[in-house]
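To start, the structure itself, in structure tokens.
The values are calculated or read from the model by the stated rules, or taken from the named source; none is laboratory data. Predicted model only: the values in this text are computed from it and were never measured. Ideal geometry is used to build each Cβ from the backbone, glycine not excepted, and the neighbour counts take in all protein chains shown. Ligands, DNA and RNA are stripped out before the accessible areas are found, and what is left, the full protein with its side chains, is counted by its heavy atoms. Shrake-Rupley method; radii C 1.70, N 1.55, O 1.52, S 1.80 Å.
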Amino acid sequence: MDSVEDAVASLKNEGFTSDEIFQEIHEVGILKMGNNQVDYSELLHVVPEELGSDAPEHYCSNGESQIAEEHDNKPENGSQMEISIEVNNVVCSFSVRCHLNLRNIAMTGANVEYKRENAMVNMKLRKPYTTASIWSSGKITVTGATSEPDSRIAARKFSRILQRLGYKIRLANWRVVNVLATCKMPFPIRIAQFSEAHRGIASYEPELHPGVTYRIKDLKATLKIFSTGSITVTGTSLAIT
């Protein structure tokens with residue numbers, strides 16, 4: 001234990017501040033400054049006592065840091081921590097099996113936006129809050145739903161609206177084509193080390209995107225993993241959630 005105390009004292013003499021010492025503990029779990037290297041577990045009990053009144057406020061007076069409490073706060077009896085996944089967008093597509101006059105729909109329909117340059121019409125619903133992209137071929141894509149039932153209901157409502165405009169609608173080939181979900185981990189993620197450990201299925205290009213792209217081939221899902229612990233999941237089915 002004397003070596004640990006000596007290391008802390010020497011670091012203070014070299015001009016390192018208390019915040020720099022504790023920040024290094026927090027980031028890498030071991031103190032690496034100058035020519036000294038001190039074990040994290042020993043440092044948790046010694047450093048606050050050595051620094052005394054200079055210790056940062058987020059460290060307790062008994063020498064145990066909040067970081068140590070989080071490190072030791074693991075589920076008991078092998079139980080797994082539950083992570084809540086929130087579905088933000090369910091995209092579905094279907095066909096109405098008839099030709100649609102986009103100009104006529106834009107002139108007679110409600111909550112409609114005609115995008116002539118894209119050869120499509122956007123139509124919106126308030127409940128469920130969704131947007132339909134309509135093409136003249138009869139193909140329709142619905143976005144904005146937060147569940148599969150809502151997505152199905154929205155598809156039926158859009159079909160009914162077109163039917164009231166005089167089109168002979170026959171809803172067919174309805175299917176979910178994409179799902180977007182998010183979750184938040186209760187801890188930060190070292191994305192550089194993560195991408196190195198999962199080469200081949202994980203890619204990290206910090207110049208292009210701040211997160212790691214992780215692909216799960218079996219589920220046909222793609223994860224965007226960020227250092228804050230936030231994860232965005234994109235897949236072709238609600239089964240992945």
### Query
Which entries in the list Lys127/Lys217; Lys115/Lys217; Lys139/Lys184; Lys184/Lys220; Lys139/Lys220; Lys115/Lys184 go over 32 Å, if you measure between the two C-alpha atoms of each?
Lys127/Lys217; Lys115/Lys217; Lys139/Lys184; Lys115/Lys184
### Query
Taking Rh as the Kirkwood radius, which is the inverse of the mean 1/r over Cα pairs, what is the Rg/Rh value for region 164-204?
1.40
### Task
Give me the distance in nm between label points sitting 7 Å out from Cα along the Cα-to-Cβ direction at Arg190 and Ile83, one decimal.
1.8 nm
### Query
Considering the Cα trace of region 100-175, what is its radius of gyration and what is Dmax, both in angstroms?
11.5, 32
### Message
Just to verify a number: what accessible area does Asp218 come out at with the full protein assembly present, 1.4 Å probe, Å² rounded to tens?
### Response
150 Å²
### Task
Find the eigenvalues of the gyration tensor of the Cα atoms of region 152-241, then list the square roots of 5 times those eigenvalues as equivalent ellipsoid semi-axes, largest first, in whole angstrom.
39, 13, 11
### Summary
Each label sits 7 Å from Cα toward the beta-carbon; between Lys217 and Arg103 the label points are separated, in nm, by 5.0 nm
#### Entry: Alpha carbon convex hull of region 88-241, volume per residue in cubic angstrom
140 Å³
### Query
Roughly how many nanometres apart are two label points built 7 Å out from the Cα toward the Cβ at Glu207 and Tyr129?
3.9 nm
### Query
To the nearest 10 square angstrom, what accessible area does Leu219 show with a 1.4 Å probe?
90 Å²
### Query
Size of the dipole of region 139-241 about the Cα centre, Lys and Arg at +1 and Asp and Glu at -1 on the beta carbon, nothing else charged, in debye to 20?
800 debye
### Query
On full extension of the chain, what length is gained from His198 through Thr228, given 0.36 nm per residue of separation minus the C-alpha to C-alpha distance?
8.9 nm
### Summary
Projected area averaged over all directions for the convex hull of the alpha carbon atoms of region 134-191, nm², comes out at 6.0 nm²
### Task
Round to the nearest 10 and report in Å² the accessible area of Arg190, as given by a 1.4 Å probe over the protein chains' heavy atoms.
130 Å²
### Summary
Counting sequence-distant residues (5 or more places) and residues on other chains, those with an amide H built under 5 Å from that of Asn178 are Val91
